[in-house]
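The values are calculated or read from the model by the stated rules, or taken from the named source; none is laboratory data. Being a predicted model, the structure only gives us computed values, none of them experimental. Every residue, glycine among them, receives a Cβ derived from its backbone with ideal geometry; neighbour counts consider all protein chains shown. These accessible areas exclude ligands, DNA and RNA; they are computed on the full protein's heavy atoms, side chains included. Shrake-Rupley method; radii C 1.70, N 1.55, O 1.52, S 1.80 Å.
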Amino acid sequence: MALFVRLLALALSLALGPAATLAGPAKSPYQLVLQHSRLRGRQHGPNVCAVQKVIGTNRKYFTNCKQWYQRKICGKSTVISYECCPGYEKVPGEKGCPAALPLSNLYETLGVVGSTTTQLYTDRTEKLRPEMEGPGSFTIFAPSNEAWASLSAEVLDSLVSNVNIELLNALRYHMVNRRVLTDELKHGMTLTSMYQNSNIQIHHYPNGIVTVNCARLLKADHHATNGVVHLIDKVISTITNNIQQIIEIEDTFETLRAAVAASGLNMMLEGNGQYTLLAPTNEAFEKIPTETLNRILGDPEALRDLLNNHILKSAMCAEAIVAGLSVETLEGTTLEVGCSGDMLTINGKAIISNKDILATNGVIHYIDELLIPDSAKTLFELAAESDVSTAIDLFRQAGLGTHLSGSERLTLLAPLNSVFKDGTPPINAHTRNLLRNHIIKDQLASKYLYHGQTLETLGGKKLRVFVYRNSLCIENSCIAAHDKRGRYGTLFTMDRVLTPPMGTVMDVLKGDNRFSTLVAAIQSAGLTETLTREGVYTVFAPTNEAFRALPPKEQTAKELANILKYHIGDEILVSGGIGALVRLKSLQGDKLEVSLKNNVVSVNKEPVAEPDIMATNGVVHVITSVLQPPFNRPQERGDELADSALEIFKQASAFSRASQRSVRLAPVYQKLLERMKH
């Protein structure tokens, strides 16, 4: 038996291959993208890779799945071409790229990968070519011919005028004294170059882009007898200054320099790490209103939040951006970083004026607009970027502006502009008091609100929180957008003007002439105390006209109470909490079907004429018809129960006759029938 098990295991391992018994190492993002390009190119033969080329440029990319279907790089259209994958070449008369490139030394491999200019400059030095052709194990990040051609004449002259010092040192900085393949190139690592052991920064991004001092890897892993060649799109240079030192020496960062010093962030920016600083220029600070800028610069916490909102948690080179992506700042805000052609964008704006300034602890991009986070803004400033400008104007006109620009801990309940499409109310004592009741005396976050919580307003009112399945409401008004949390205040965008409760349900009904008949009926049915005491009720209140439309009919107090209780739900349901359909249990016992369609509330398919009249113990919805319970008279319920009992009696009698026990059982069921009839 044991021998059989061993033979079976051996057969399975042979059939399934090595992957069944030993998982291989995880592929790097670059290798996954290369694998996808191979899959897209396999119809053209072995070892063919699909490559996306940006139309009108020489920029080429191995394609990932998203780019393949979008056919765009940085918003620019691309065309697909098919080339030999790295390390392979064509054979005349055969399909695809079936032959592996012959191995040769590093110097000769430079010509194979398209870096003949690097070969040329290597020849000009006295020492480097023999080293590249000799024994050893090296890695060279070789600039493409186009990379050399893009150097300024001044830089190129300084190199070639002193080939055995400047040019030799520049080429040695592109080399590492060991073989390094892409699977070893990890995000954020540094390699020691062959020029004075200076560091080279490596970044390997999730989209498969690999950068070397922010130069993009074009073709990787070209093996040589004495090492490996990676083709890159720029000539790289040594990095000597950290981020703080660059801020110190650049005149365009004078205001930033003072802000960093005041915030105490200079220690971090000169320490170890890999950051991206979106560095605002002097011009960026000048665009901000003087009052706002002085307020932030004079507030250490707001200033620190402002600067942290310009720092990303890792180094982000421009070459890594081929489409939009979300990145998180040290402040915690999410920025949308994208590209449009050669321009980088932040939150859709092309505000980066200079990119990829390398530091020993990261990379700097110059920006011409300040990125002020919500956490450094006043309520007025938060509202300026939201769809609540009409409400903000009302607060200003009502003389409440100081509350929205000061240092009080508040939460502003600001209705959307669409709420005022039919006009705004005049500013008077009533309006001022209403607006004061839209300001909560605490800085809140909606995620911490709970059902039944009470909130105190500047107007002295107590507002209730209602949590429903798909909405979060404060009295009759529900939150319509995510919170905006500022320096001292939080902005809640609301879907309607809030109406604080004004008395109990009975107070509301008595104070409205439309409900005089209903009030009399409630008093006759003995329900006045119920609707006056503390509680949570939803009352569908029929108008006087609704009662007049009923056919004349005498009803007992019990029958009247039964009908009225059917109009009262046992919890508070405002219109914003309804969703599609809610089955609300009434005090009578049966359930009411409350629905919302096209912004019209209905109960049992009857439209509500006016929703959401708030009371301290509930909410009143006005209806123009009287709702009838499923059994609107006790006699009807008794008749049905009697009929059911009669049917049971008949079936039981039949069974009893078959069992010859009908004489004993019949009187029992007969008594039951008589009791139900009465």
Review point. For the subset of the range 471-503 comprising residues that are open to solvent by 10 Å² or more (accessible area, probe 1.4 Å) and small (G, A, S), which member is farthest from A580 (Cα to Cα)?
Key: G503
Point to revise | Every pair of residues 6+ apart whose Cβ atoms lie under 7 Å, when the first sits in the range 444-472 and is within 23 Å of L596 (Cβ to Cβ) and small (G, A, S) while the second is open to solvent by 30 Å² or more (accessible area, probe 1.4 Å) and not in a strand (DSSP E or B) | key: S446/D483
Study note, to complete from the structure: Exactly one of R464, R469 is of a type in the set (D, E, K, R), more than 20 Å from D393 (Cα to Cα) and over 27 Å from the mean Cα position of the chain (by Cα), and that residue is R464
Review point. Tell me, which strands (runs of 3 or more DSSP E) lie completely within the range 405-485 with 2 or more residues that are under 16 Å from S386 (Cβ atoms)?
Key: 410-415
Review point. If a residue has to be of a type outside the set (D, E, K, R) and open to solvent by 70 Å² or more (accessible area, probe 1.4 Å) to count, how many in the range 396-407 make the cut?
Key: 3
Review point. Among the residues of the range 300-330, which ones are within 22 Å of A262 (Cβ to Cβ) and either open to solvent by less than 20 Å² (accessible area, probe 1.4 Å) or in contact with an Asp or Glu (Cβ under 7 Å, 6 or more places away or on another chain) (or both)?
Key: A302, L303, D305, L306, L307, N308, N309, H310, I311, L312, T329
Review point. At negative phi and crowded, with 18+ Cβ neighbours inside 10 Å: does that describe D233?
Key: yes
Practice item. Only residues in the range 534-548 that are in the same structural domain as L587 (by the TED database) count as the first member; pair them with residues that are open to solvent by 10 Å² or more (accessible area, probe 1.4 Å) and of a type in the set (G, A, S), Cβ under 7 angstrom, at least 6 apart or cross-chain, and list the lot. Key: P542/S625; N544/S516; A546/S625
Check your understanding: S586: among the polar types (S, T, N, Q), in contact with a Leu (Cβ under 7 Å, 6 or more places away or on another chain), outside the structural domain of T454 (by the TED database) and open to solvent by less than 40 Å² (accessible area, probe 1.4 Å), yes or no?
Key -> yes
Practice item. Identify the residue in the range 236-272 that is touching a Lys or Arg at 6+ places or on another chain (Cβ under 9 Å), touching a residue at least 24 places away in the same chain (Cβ under 8 Å) and outside any helix (DSSP H, G or I) and, among all such residues, is most open to solvent (accessible area, probe 1.4 Å). Key: G264
**Study point:** Residue match in the range 408-425 (condition: over 30 Å from G579 (Cα atoms), of a type outside the set (V, I, T) and either free of Cβ contacts under 8 Å to residues at least 60 places away in the same chain or crowded, with 19+ Cβ neighbours inside 10 Å (or both))
**Key:** no
Study note, to complete from the structure: Picked from the range 54-75 (must be of a type outside the set (K, R) and over 21 Å from S144 (Cα atoms)), the residue surrounded by the fewest Cβ atoms within 10 Å (Cβ to Cβ) is Y69
Practice item. Could you tell me whether any residue of the range 351-365 is small (G, A, S), under 30 Å from H482 (Cα atoms) and modelled with pLDDT under 95? Key: no
Exercise for review: Please indicate, with yes or no, whether at least one residue in the range 213-234 is in a strand (DSSP E or B), modelled with pLDDT of 95 or more and of a type in the set (S, T, Y).
Suggested key: no
